[in-house]
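The values are calculated or read from the model by the stated rules, or taken from the named source; none is laboratory data. These numbers were taken from a predicted model, which means no experiment stands behind them. Reconstructed Cβ throughout: ideal geometry from the backbone, glycine too, with neighbour counts over all protein chains shown.
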Amino acid sequence: MKARTIGFTLITLTSALALLAASGVPGGYKFEPQPSTPLAMYGAPTRDPKLALRASGAVYMLAIQGGHGHSRLGLAISHDGGDSFAPPVPISAKEARVSSHGENSPSFAFGRSTEMYALWEQSTGEGMGTNLMFARSLRFGHSWDEPLRVTDKETPSTNAFSSMAVSPRGDVYAVWLDGRDRKMGPPGTSAVYLVKSADRGATFGRNVRVATGVCPCCRPTLGFGAAGEVHVSWRHVFPGHIRDMVVATSSDGAATFSEPVRVAEDGWKINGCPHSGASMLGKGNRLYITWYSDGDGSNPGIRLAWSDDGAKSFSQPGIVSRDILDANHPALALAGDERLLLTFQGRDPVKKSGWNPAGPYLVEISHEGQADAPQAVPGHGKAISYPAVAAGTVGRVYVAWTERGEKGQQIHVTRGRLSTKGELKQTSAAR
């Protein structure tokens, strides 16, 4: 009799989970009602957060401090689950001016041991564009080595919209849009460049041009395959001002790349730059990619697709933002317990005729590629921008964003947990 009771309980829970996913009912995560502004106590404006969690539960937040005239990059650490953060540890040089706006914001990544890495754009101070800068910490982010420049060009030109990621082998990769080859592609386009460090960020190799004819302000991104592949995505400019996402792959440690594969035939025709890059993440043998497109004008939204053959082909994309208005700027994250999460910004389609302030949304994606209904992250009072997400074990999730207030910009952080079994059963009973 007891065995039947246990079996019935498991079936009830499974049915509740299936019902929740199939019905598209949002609310899989229970968030605290109001976000915190954990760095406001240190006086300076803050913006453009990036989040990461260690297995210990420590929360790491990369942040820009100061106004746009003089900005500095730092790393704030919390050892109490985000209740409080220590003052940011400086990463960029004291006199440096970090350039960060929109998708052209810094990147942060863990190494395989005690290493932590940061990548950012920095003004040259000479009116000649920016330098792409990198710094590492071998001491869990508590102190940082002197920054170094990773671009190897002799004649200054623009760099922008950089991304960084660490491969499963521990190599550090950076990609960015570079202006040194503007004459090689169609007018108004840029080039994607890549650089690699095989010694934990102590030195970097030569810059490798991956592609030309690239949309000049949509951030390229990196992903890695189970067989050691290095994948780079960008928004390519096709004839007729069509700007769709592509992925190129290297099987020799980024020495050479394949011809790019078009992820989807969105056919987005736009004679300008949408400032909207993709996010890409490998999980097992599958490579996920998410991006925004207007499509043919009738189906705008955040797309999700994946490849199970090393980026040689991709699944038919689905629009995971559903009916959320003005959805944009997606970011993927893999939790410590293997949950795949997606965050983006958008507007509620019901309140205030759809013109309420933009807010962060969260979507969980199953291994089969099924996406839950977007869940609004509560607590934002004014328009937000570029949310970031990180998740740990035991169902925890952290979402951070920039919000403008009366005293300037501040980073807001809110925390959530997966709903309990009891809450799932109540949700099922209520329906």
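Residues that are aromatic (Phe, Trp, Tyr) and modelled with pLDDT under 95 within the range 318-376 comprise just one, Trp355. All told, Gly125 meets the bar of being within 27 Å of Arg47 (Cα to Cα) and either surrounded by fewer than 20 Cβ atoms within 10 Å (Cβ to Cβ) or not acidic (Asp, Glu) (or both). Across the range 327-355, the number of residues qualifying as more than 25 Å from Ser107 (Cβ to Cβ) and not in a loop (DSSP other than H, G, I, E, B) comes to 5. Restricting Val246, Val232 to residues that are out of contact with any helix residue (DSSP H, G or I) (no Cβ under 7 Å at 6 or more places or on another chain), assigned to a strand (DSSP E or B) and free of Cβ contacts under 8 Å to residues at least 40 places away in the same chain narrows the list to Val246. Within the range 114-173, being modelled with pLDDT of 95 or more, among the small types (Gly, Ala, Ser) and under 19 Å from the mean Cα position of the chain (by Cα) holds for Ala118, Ser162, Ser163, Ala165, Ser167. The set of residues from the range 138-181 being in contact (Cβ under 8 Å) with a residue 40 or more places away in the chain, farther than 15 Å from Val195 by Cβ and of a type in the set (Ser, Thr, Tyr) comprises just one member, Ser143. Taking the conditions exactly as written (closer than 26 Å to Val208 by Cα and among the basic types (Lys, Arg)), does Arg303 satisfy them or not? So Arg303 fails the test. Of all residues in the range 104-116, those being buried (at least 23 other Cβ atoms within 10 Å of the Cβ) and closer than 18 Å to Ala160 by Cα number 3. Residue count for the range 254-293, restricted to those that are free of Cβ contacts under 8 Å to residues at least 60 places away in the same chain, buried (at least 21 other Cβ atoms within 10 Å of the Cβ) and not in a loop (DSSP other than H, G, I, E, B): 7.
If the condition is being aliphatic (A, V, I, L, M) and either surrounded by 20 or more Cβ atoms within 10 Å (Cβ to Cβ) or modelled with pLDDT under 95 (or both), then the range 59-84 contributes Val59, Met61, Leu62, Ala63, Ile64, Leu73, Leu75, Ala76.
Which one is surrounded by the most Cβ atoms within 10 Å (Cβ to Cβ), of the residues in the range 175-201 that are in a loop (DSSP other than H, G, I, E, B) and under 23 Å from the mean Cα position of the chain (by Cα)? Filtering first and then ranking leaves Gly201. Taken over the range 85-102, the criterion of being surrounded by fewer than 22 Cβ atoms within 10 Å (Cβ to Cβ) and either in a strand (DSSP E or B) or out of contact with any helix residue (DSSP H, G or I) (no Cβ under 9 Å at 6 or more places or on another chain) (or both) is satisfied by Ala86, Val89, Pro90, Ala93, Lys94, Glu95, Ala96, Arg97, Ser100, His101, Gly102.
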